[in-house]
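Accompanying notes for the structure given below.
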């Protein structure tokens with residue numbers, strides 16, 4: 001019902017107390033309510049900013065692609081409270097670890113051609129040729145025309161998920177492995193289903209868990225070498241994976257960002273998935289790991305496989321990449337010179353990791369309750385510790401009592417309890433002292449609490 005006239009307007013104001021708008025003489029009650037609620041919202045919003053308070057965004061719809069709970073976990077809260085950690089064995093950024101970089105490594109970023117803009121969804125051809133040349137060390141020669149540059153490996157995952165999957169489809173990811181994979185899939189409305197790596201068999205692929213997956217799967221991810229276990233895909237498993245992908249029409253996505261860093265090595269360490277030709281295969285790499293330059297933001301996808309499948313996939317990938325054209329022209333121009341000038345960086349990072357791994361082995365040998373798993377490649381080491389307390393409680397004790405930061409195994413989806421993951425990147429002195437404190441802290445959890453006596 002529409003009310004009109006001064007009397008009706010007055011009665012409406014008494015009922016809902018709207019702000020005064022003398023120029024309005026006739027309005028539906030529901031509209032008045034909307035105006036009033038917006039007025040209250042605006043006043044509250046302004047008050048929030050004036051007072052430095054927080055604002056309740058309950059009225060804002062948030063996508064189900066995001067986790068319901070975005071609050072910090074206990075470890076993150078503790079690190080926020082403590083601030084700088086004396087012995088950070090979670091660090092993953094080589095530029096913060098005292099690694100020596102050539103002084104002219106980034107000179108190519110000043111190339112004046114960076115002022116020109118000639119967009120190509122696959123990226124500059126000169127940069128793609130330089131990427132192709134990198135694979136010669138593993139005996140592969142991918143076609144530069146079938147290489148697509150991205151702003152990061154994470155973006156490469158996102159591109160491929162959008163290329164192969166509809167919302168509600170799924171990709172298979174290894175367990176244990178890097179937790180980012182699940183978040184990337186979820187942000188594109190896709191499920192990340194896990195298949196197991198068998199720790200008792202050197203983290204070989206558990207094919208029964210892989211083969212029993214549901215029909216909505218569109219791609220399978222392998223991480224070669226795995227993060228954090230460091231295990232390479234065994235050549236026999238690789239052959240079986242390729243056959244399974246061909247049979248089920250899955251795309252094979254091979255994350256090889258740590259391939260330049262063999263430590264203990266193992267079967268498969270000298271192989272790249274960029275040589276696969278019997279199924280559609282997308283091999284990922286990037287400067288974040290290959291040159292220890294996460295801030296440059298440059299990665300790539302190498303497409304290989306049957307020609308018709310590759311060309312069809314590349315057509316779709318062009319469409320996906322063209323929507324953002326995210327790769328920086330200066331970074332792409334500088335890529336060939338950075339790869340040439342920075343050729344010694346992987347060796348220096350590997351030397352650091354090997355030195356720390358040797359130190360860790362020596363220290364672990366003195367603590368019989370702790371086991372160091374083989375480290376095929378990468379930047380991390382995995383420790384098996386007694387499950388006297390939960391992983392999270394143990395990590396909190398190490399952080400708060402000993403000033404040592406480590407990752408609990410459940411962050412990486414280890415099935416069993418009692419795993420810790422540590423970085424091999426810190427300086428040798430920092431790592432040695434941090435590892436010593438870590439092992440001493442684990443040993444203290446094995447000492448039964450003193451029962452004492454009441455003296456009676």
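Each reported figure results from applying straightforward, stated rules to the coordinates on display, with no laboratory input. Please read these numbers as outputs of a predicted model, since none were measured by experiment. Glycine gets a Cβ as well: all are built from the backbone with ideal geometry, and neighbour counts include every protein chain shown.
Miscellaneous remarks
- The calculated P(r) of the chain, using every Cα pair and 20 Å bins from 0, goes 21, 45, 22, 10, 1 in percent.
- Ranked by how many other beta carbons lie within 10 Å on average, peptides 418-428, 221-231, 77-87 from highest: 221-231, 418-428, 77-87
- Where only DSSP H runs of four or more residues are counted, the chain gives -12000 deg cm²/dmol as its mean residue ellipticity at 222 nm, each run worth -39500 (n - 2.57).
- One compactness figure for the stretch 107-341 is 0.97, namely its Cα radius of gyration divided by 2.2 N^0.38 Å.
- Separation of the stretch 74-95 from the stretch 364-429 is 14 Å, based on Cα centroids.
- Share antiparallel - DSSP beta bridges, the stretch 153-269, percent rounded to 5: 10 percent
- Reported to the nearest whole Å, the Cα centre-to-centre distance from the stretch 107-157 to the stretch 282-351 is 5.
- Counting every other Cβ atom within 10 Å of each residue's Cβ, 273, 412, 232 order from fewest to most as 412, 273, 232.
- Radius of gyration (Cα atoms) of the stretch 326-410, expressed as a multiple of 2.2 N^0.38 Å: 1.56.
- DSSP bridge orientation in the chain - percent antiparallel, rounded to nearest 5: 50 percent
- Listed from fewest to most Cβ neighbours within 10 Å, the set 261, 157, 319 follows the order 319, 261, 157.
- Antiparallel bridge percentage (DSSP; both residues within the stretch 107-341; nearest 5): 40 percent
- Folded to 0 to 90 degrees: helix 329-341 orientation relative to the chain principal axis, Cα: 20 degrees
- Relative contact order %, the chain, counting alpha carbon pairs below 8 Å whose residues are six or more apart: 20 percent
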